[in-house]
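Student: I am attaching a structure below and will ask some questions about it afterwards.
The values are calculated or read from the model by the stated rules, or taken from the named source; none is laboratory data. Everything numeric here is computed off the predicted structure, so don't read it as measured data. Here Cβ is always computed from backbone atoms with ideal geometry, including for glycine, and neighbour counts include all displayed protein chains.
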Amino acid sequence: MPTPSLYTLGLDFGTLSVRALIVDTRDGRAVAEAVSEYAHGVMDAALPDGTPLPPRFALQHPQDYLDSMKASIREALSAAYTAEGVAPDHIAALGVDFTACTMLPVDRAGMPLCRDPAFAGEPHAYVKLWKHHGATEEADELNALAAARVEPWLASYGGTVSCEWMLPKILETLRKAPDVFKAAYRFTEAADWLSLMLTGNETHAAAFAGYKGLWQDGAYPSEDFLAALDPALRGLVGSRISPIVSPVSGIAGRLNNRGAALTGLPAGTPVALPMIDAHAVLPALGMTRAGDLTVILGTSTCHILNAAEAKEVTGICGYTEDGVIPSLCTYEAGQAAVGDCFDWFVKNCVPASYTEAARAAGVSVHAYLRLLAERKAPGESGVMALDWWNGNRSILVDPTLTGIIVGLTLATRPEDIYRALIEATAFGTKVIVEQYEAFGIPINHIMAAGGIARKDPLMMQIYADVLNRPVEVSETTQAGALGSAIYAAVAGGMYASVTEAADRMAAKVERMYTPNPGAAQAYAEMFRRYRELHDHFGKR
């Protein structure tokens, strides 16, 4: 029989699905897992009623989060009981991580405004996903004002606020849909909304507030700044933004009756304060010390670095003290399109003959292209690319930048371009690594996570060669959910700290990629050319 109250449940809300993972807190062993995709996925062309969406929109339906959560938890609980007799009342606590900034407007009762028939056809009443870029103009306006006023918090975000973050998205709603702005009781991160649905308690986690909400040194931007941005924003904090910010590894509350019905767990089960999905990966990989750089590879990539002290680094997404690992300052940078680049190429640029050859070989088109690309030496094809298919998040912080491919000839093959895209994402990561180190933040240890890291050895070897450093890959396939389960173990009282829990529960290293000296030398020269292209096309 299983030992009661030694298991936690981690929920990882990604861009397209939610993953549920039941974990034994004694050693981090996964007991059961399940995945459920969102019914509406990412809405970038039209709303459910057919209302067309403008360019650069990326919306979601909040009901998908509840439905997919319910389905994935029930499947995981069933599997855990079948495999090891683990029942719902054996789950000591629940942890949640979520994409960010993924924002929605809600009424006083917490109901998303898109559920109101009056707003069913209004895009700004729906969830604005992290990669929603509709607020580009508003972000430009905010950045210009902050720079002119020399706002002290701007340096904490590398000197530029992204259009993906909370305040530009709120300002976009105010300008484009004033009725939605007026009707909104709160603009809330989807993670905090989920905590409200589960516990009845309103939360605003420090990670979300610090990295995506411009909350620094215990405060949001001043009333004077907000009013100068738009008079209607006066009083925003405390009205449409929750003024309460809770520290990392805290507790959001306990499941109420609604939360119990949604999860199938007993009412009263502790719920950990939610975390940003990429940041939840750190304890899952044991990356809890200063100098640890975690590279989370997916549709986009996050580069998260722990440091002993706070320093201002131009062009990064920002940093928060005690926002991920207590007592450390954790920095975030990123690339807005990585897996999305490869997916775009396969869907739009690969000839039918390659698709047929992949089918005949019994592999995916991605795998087939990798098989061909790995036969090439670094620089052999002469093709290079800039990895800006969804703009540049770091270090240029310009969502309007576009991807570039150079060096094409009549001899260029699809695998040459595919390899160049992989190399471009590695070069983009090297730019970020060099930026961290240029500002005096040491990097001692690099670990990669995410599905791509585990499935693509060619890409990981290229990363090791380009960075000229060892790159470790974790064995876990559910790093975000495992990290959430670790935070849950702290919230449930099994461990006193995140670091202590991670020391016991973190996944093991599956493989280490070490640089090939010859390839590293070739890539050093290619990176010099990449940096010339980067600066020529990216700096204005």
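Student: Return a yes/no flag: does segment 74-82 have any residue that is crowded, with 19+ Cβ neighbours inside 10 Å, at pLDDT 95 or above and part of a strand (DSSP E or B).
Tutor: Within segment 74-82, not a single residue is crowded, with 19+ Cβ neighbours inside 10 Å, at pLDDT 95 or above and part of a strand (DSSP E or B).
Student: Let me ask something else. Just the residues that are more than 15 Å from ILE22 (Cα to Cα) and touching a residue at least 60 places away in the same chain (Cβ under 8 Å), please, taken from segment 495-517.
Tutor: Of everything in segment 495-517, those that are more than 15 Å from ILE22 (Cα to Cα) and touching a residue at least 60 places away in the same chain (Cβ under 8 Å) turn out to be TYR495, SER497, VAL498, THR499, ALA501, ALA502, ASP503, ARG504, VAL509.
Student: Identify, by number, the condition in (1) assigned to a loop (DSSP other than H, G, I, E, B); (2) modelled with pLDDT of 90 or more; (3) of a type outside the set (Gly, Ala, Ser); (4) within 21 Å of GLN478 (Cα to Cα) that THR294 doesn't meet.
Tutor: Only one criterion in (1) assigned to a loop (DSSP other than H, G, I, E, B); (2) modelled with pLDDT of 90 or more; (3) of a type outside the set (Gly, Ala, Ser); (4) within 21 Å of GLN478 (Cα to Cα) is unmet by THR294, namely (1).
Student: Follow-up question, since we're still on this one. Write out, first by first residue and then by second, each pair whose Cβ atoms fall under 9 Å of each other, whose residues are 6+ apart or on separate chains, and whose first residue, in segment 473-484, is free of Cβ contacts under 8 Å to residues at least 60 places away in the same chain and on the phi > 0 side of the Ramachandran plot while the second is assigned to a helix (DSSP H, G or I) and among the hydroxyl-bearing types (Ser, Thr, Tyr).
Tutor: From segment 473-484, no pairs qualify.
Student: So which residues in segment 152-189 are aliphatic (A, V, I, L, M) and not in a helix (DSSP H, G or I), if there are any at all?
Tutor: Selection gives VAL161, ALA177, ALA184.
Student: Here's a check for you: in segment 405-430, which residue that is in contact with a strand residue (DSSP E or B) (Cβ under 6 Å, 6 or more places away or on another chain) and of a type in the set (A, V, I, L, M, F, W, C) is surrounded by the fewest Cβ atoms within 10 Å (Cβ to Cβ)?
Tutor: My answer is VAL406.
Student: State the number of residues belonging to segment 270-296 that are among the acidic types (Asp, Glu) and buried (at least 24 other Cβ atoms within 10 Å of the Cβ).
Tutor: Count: 1.
Student: Now, a different point. In the set ALA377, ALA360, which member is modelled with pLDDT of 95 or more, surrounded by fewer than 20 Cβ atoms within 10 Å (Cβ to Cβ) and outside any helix (DSSP H, G or I)?
Tutor: ALA377
Student: Quick check: is even one residue across segment 221-233 within 26 Å of ALA93 (Cα to Cα) and surrounded by 20 or more Cβ atoms within 10 Å (Cβ to Cβ)? Please lay out each step first, then the result.
Tutor: Residues of segment 221-233 that are within 26 Å of ALA93 (Cα to Cα), as a first pass: none.
No, that holds for no residue.
Student: Criterion first (hydroxyl-bearing (Ser, Thr, Tyr), in a helix (DSSP H, G or I) and in contact with a Ser or Thr (Cβ under 7 Å, 6 or more places away or on another chain)) does TYR463 satisfy it?
Tutor: It is true that TYR463 is hydroxyl-bearing (Ser, Thr, Tyr), in a helix (DSSP H, G or I) and in contact with a Ser or Thr (Cβ under 7 Å, 6 or more places away or on another chain).
Student: Another one. ARG240 fails exactly one of the following numbered conditions: (1) under 25 Å from GLU164 (Cβ atoms); (2) crowded, with 24+ Cβ neighbours inside 10 Å. What is the number of that condition?
Tutor: Every condition holds for ARG240 apart from (2).
Student: Which one of ALA507, ALA449, ALA502, ALA464 is touching a Pro at 6+ places or on another chain (Cβ under 6 Å) and farther than 20 Å from VAL271 by Cβ?
Tutor: After ruling out the rest, the residue left standing is ALA464.
Student: So which of LEU236, LEU265 ends up being more than 19 Å from LEU171 (Cβ to Cβ) and among the aliphatic types (A, V, I, L, M)?
Tutor: Numbers: LEU236 fails: more than 19 Å from LEU171 (Cβ to Cβ).
From the options LEU236, LEU265, the qualifying one is LEU265.
Student: Name the residue, out of ALA79, ALA100, ALA148, that is touching a residue at least 24 places away in the same chain (Cβ under 8 Å) and more than 20 Å from the chain's Cα centre (by Cα).
Tutor: Details: ALA100 fails: more than 20 Å from the chain's Cα centre (by Cα); ALA148 fails: touching a residue at least 24 places away in the same chain (Cβ under 8 Å).
One residue alone meets the criteria, ALA79.
Student: Condition check: in the same structural domain as SER195 (by TED's automatic domain parsing), over 28 Å from GLY259 (Cα atoms) and either part of a loop (DSSP other than H, G, I, E, B) or at pLDDT 95 or above (or both). Does ALA109 satisfy that?
Tutor: Considered against the rule, which asks whether it is in the same structural domain as SER195 (by TED's automatic domain parsing), over 28 Å from GLY259 (Cα atoms) and either part of a loop (DSSP other than H, G, I, E, B) or at pLDDT 95 or above (or both), ALA109 comes out as no.
Student: Now, a different point. Given the residues VAL466, VAL471, which is the only one that is over 30 Å from VAL35 (Cα atoms), of a type outside the set (Asp, Glu) and surrounded by 23 or more Cβ atoms within 10 Å (Cβ to Cβ)?
Tutor: VAL466
Yes/no matrix, rows are residues, columns are (1) charged (D, E, K, R); (2) touching a Leu at 6+ places or on another chain (Cβ under 7 Å); (3) outside any helix (DSSP H, G or I); (4) closer than 27 Å to THR99 by Cβ:
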| site | (1), (2), (3), (4) |
| --- | --- |
| LEU410 | no, no, yes, no |
| ARG419 | yes, no, no, no |
| GLY428 | no, no, no, yes |
| PRO442 | no, no, yes, no |
| ALA448 | no, yes, yes, yes |
| SER484 | no, yes, no, yes |
| TYR487 | no, no, no, yes |
| ALA501 | no, no, no, yes |
| GLY518 | no, no, no, no |
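Student: On to the next question. Taking segment 297-312 as the search range and keeping residues that are modelled with pLDDT of 90 or more and over 17 Å from GLU164 (Cα atoms), which one is surrounded by the fewest Cβ atoms within 10 Å (Cβ to Cβ)?
Tutor: Selected residue: ALA308.
Student: Of the conditions (1) part of a loop (DSSP other than H, G, I, E, B); (2) buried (at least 24 other Cβ atoms within 10 Å of the Cβ); (3) out of contact with any strand residue (DSSP E or B) (no Cβ under 7 Å at 6 or more places or on another chain), ALA267 satisfies every one except a single condition; which number is it?
Tutor: All conditions pass for ALA267, except number (2).
Student: Scan (1) surrounded by 21 or more Cβ atoms within 10 Å (Cβ to Cβ); (2) modelled with pLDDT of 95 or more; (3) more than 15 Å from THR173 (Cα to Cα) for the single condition HIS132 breaks and write down its number.
Tutor: Going through the list (1) surrounded by 21 or more Cβ atoms within 10 Å (Cβ to Cβ); (2) modelled with pLDDT of 95 or more; (3) more than 15 Å from THR173 (Cα to Cα), HIS132 breaks only (3).
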